Amino acid sequence: MQQQTHIEIKNLSVFYGDVTALQNITLTIPDKKITVIIGPSGCGKTTLLKSFNRLIDLEVGVKINGKIFVDKENIFTPGLEPTHIRKKMGLLAQKPCPLPMSIFENVAFGPRIHGLKNRKRLHGIVRYHLKQAGLWKEVKNRLHEPASKLSIGQQQRLCLARGLAVKPEIILGDEPTSALDPASSKRIEEIFLMLKSRYTIVLVTHILRQAKRLADYIVFLYNGKLIEYGPADSVLNNPQQTLTQEYIYGVVS
Amino acid sequence: MHKDKRFLEEKIIKGIMRFCALLLAGLLILIIVTITVKGLSALNISMLIKTAKGGFYLGGEGGILHAIIGSFCIAGGATCLAFFISTPIVLYINVYRKKNSKLAELIRFSFNVLWGIPSIVYGAFGFTCMLFLGLKASLLAGILVITLVELPILARGIDEVVQQVPIEITQAALCLGATTGETAWKVVIRQILPGIMTAILLAFGRGIGDAAAVLFTAGFSDYIPESLMQPVATLPLAIFFQLGTPFPAVQNRAYASAFILTLLVLSISITARFFSRKLSRHRIDRL
């Protein structure tokens, strides 16, 4: 019996109108590792990531073939309400986007909509996850201030805390450091490394050095096709495909 | 030489713009001064606390309290109703429907057309409906017709704000496992609260100032209405009837009434602005 992981992709193709964004992707994302998706702009990295939590539903004119299994459940089953799938995955976007409420309410929002009302427990959850995201010390005296007042690096950590607070098993990151300064990027990277023992992490990045620093596994996409996939060491140091070699050694960008 | 010409042009254009801007401010001051000067002589406390007694429009005793209350009841009731109808419409077409939704386009087209219909047409429409149903002019009919007048104003106003909500906010809420409903009513709504406030204010101002739509539907009376089915006086009509008399003393009362109406709208506007600032505390601006 083959071991099941949280995310398995089978023959996934995604089209925007006539444009093919992803073509016949089959992939198993290993649990409790950092999988980094790399590839040139427009190769379908973000589309793949957004398919995992069905955020892709919001796109206009999108058509999907194939299956993605999240905990053995095909998330594209017709009529499936995607909220419980999304709850399993925290997403960090390119630019952090706090909700229009206070710092405390941002983190408490997830637990609240999933039914937690007890103020004391909410407070505990907020504190715990702000600590996890390395933000607690900076905000503990201003929890009820608007989240928009935080710096952009702090906002990204707030978004991480907010995502962790719904107790996901998976963390998705769509170039989560691209809008941040180097110091904030470094903090986010450190947090990812700290969290990977407990979470399955999938990151999209266009920074190869970041991929080298973080990845356990590398997925290389090119023009919507899966070109190469494997442990980070072998893909980055000894790529088998010509396209991968060209990308990693800097011929295409 | 060429340079001088460009600078001259710049000066002239700047001058025109400055003139237009000052014209606007001057107009506001002129209106306020006119109604204050003309109305102040007739303005006294009994205008505010008494209803029209017999012979009020001939220069007799009394005040316009009934019209103040009437206007508030109609504009307030209509604004509430219009708000509770337009907010779901706008959230539905923006959060629940995709960006290219045909239905959303149709609804937007509808309220844009409704927005441009003059209020006398709403009044006539309301009157026809009342005849059909066998109803008389009443507070209720006035509220319903003014609701129709305000509905497109509110819907358009709120729609414009909702369309500016960054899609990332919606995505962020959905990613936490929120349903579309929770996203709309717990997240998006908080982002647009200040905008809703402005739209409400615009609609209320339009509702309280409208004379044409209430003329046939709310009727006019000299009393404070005791039920929804009684006719009711409104400030704009009170001004109209007082101005229409041949007596200068009564005409001055019309200006006093106009002064009161303007003051009411102004104070509501300032209050709303104050609350709007509080409501925009948590808004996400930079993205």
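The values are calculated or read from the model by the stated rules, or taken from the named source; none is laboratory data. Please read all numbers here as calculations on a predicted model, not as lab measurements. Virtual Cβ from ideal backbone geometry, glycine too; neighbours counted across all protein chains shown.
Run down B:253, B:277, B:283 and say which single residue is within 14 Å of chain A (Cβ to nearest Cβ), buried (at least 17 other Cβ atoms within 10 Å of the Cβ) and over 20 Å from residue B:80 (Cβ atoms).
After ruling out the rest, the residue left standing is B:283.
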In the range B:182-195, what count of residues is obtained for those that are over 12 Å from residue B:94 (Cα atoms), surrounded by 22 or more Cβ atoms within 10 Å (Cβ to Cβ) and either more than 9 Å from chain A (Cβ to nearest Cβ) or among the β-branched types (Val, Ile, Thr) (or both)? 2
Is one or more of the residues making up the range A:122-138 more than 14 Å from chain B (Cβ to nearest Cβ), within 20 Å of the chain's Cα centre (by Cα), assigned to a loop (DSSP other than H, G, I, E, B) and surrounded by 21 or more Cβ atoms within 10 Å (Cβ to Cβ)? yes
Exactly one of B:202, B:228, B:243, B:235 is buried (at least 19 other Cβ atoms within 10 Å of the Cβ) and either on the phi < 0 side of the Ramachandran plot or of a type in the set (Lys, Arg) (or both), and that one is B:235
Leading residue by the ranking (farthest from residue A:162 (Cα to Cα)) among those in the range A:58-87 that are in contact with a strand residue (DSSP E or B) (Cβ under 9 Å, 6 or more places away or on another chain) and among the charged types (D, E, K, R): A:63
Restricting the range B:160-174 to residues that are at the interface with chain A (Cβ under 9 Å from one of its Cβ atoms) and in a helix (DSSP H, G or I), the one farthest from residue A:161 (Cα to Cα) turns out to be B:167
Determine, yes or no, whether residue B:177 is within 20 Å of the chain's Cα centre (by Cα), within 23 Å of residue A:95 (Cβ to Cβ) and within 14 Å of chain A (Cβ to nearest Cβ). no
Can you tell me which condition residue B:64 does not meet? The list is (1) of a type in the set (A, V, I, L, M); (2) more than 23 Å from residue B:272 (Cα to Cα); (3) at pLDDT below 95; (4) not assigned by TED's automatic domain parsing to the domain that holds residue B:196, and all the others hold. (4)
If residue B:136 satisfies all but one of (1) more than 20 Å from the chain's Cα centre (by Cα); (2) in a helix (DSSP H, G or I); (3) away from chain A (no Cβ under 14 Å); (4) modelled with pLDDT under 95, what's the number of the condition it fails? (2)
Quick one: count up the residues across the range B:139-181 that are surrounded by 22 or more Cβ atoms within 10 Å (Cβ to Cβ) and among the polar types (S, T, N, Q). 2
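Results for (1) in a helix (DSSP H, G or I); (2) under 14 Å from residue B:141 (Cβ atoms); (3) in contact with a strand residue (DSSP E or B) (Cβ under 9 Å, 6 or more places away or on another chain), shown as yes or no for each residue.
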site: B:220; (1), (2), (3): no, yes, no
site: B:225; (1), (2), (3): no, yes, no
site: B:230; (1), (2), (3): no, yes, no
site: B:241; (1), (2), (3): yes, no, no
site: B:245; (1), (2), (3): no, no, no
site: B:249; (1), (2), (3): yes, no, no
site: B:256; (1), (2), (3): yes, no, no
site: B:259; (1), (2), (3): yes, no, no
Name the pairs: first residue in the range B:37-63 and crowded, with 17+ Cβ neighbours inside 10 Å, second residue hydroxyl-bearing (Ser, Thr, Tyr) and part of a loop (DSSP other than H, G, I, E, B), Cβ to Cβ under 8 Å, at least 6 apart or on different chains? B:51/B:223; B:57/B:245; B:62/B:51; B:63/B:51
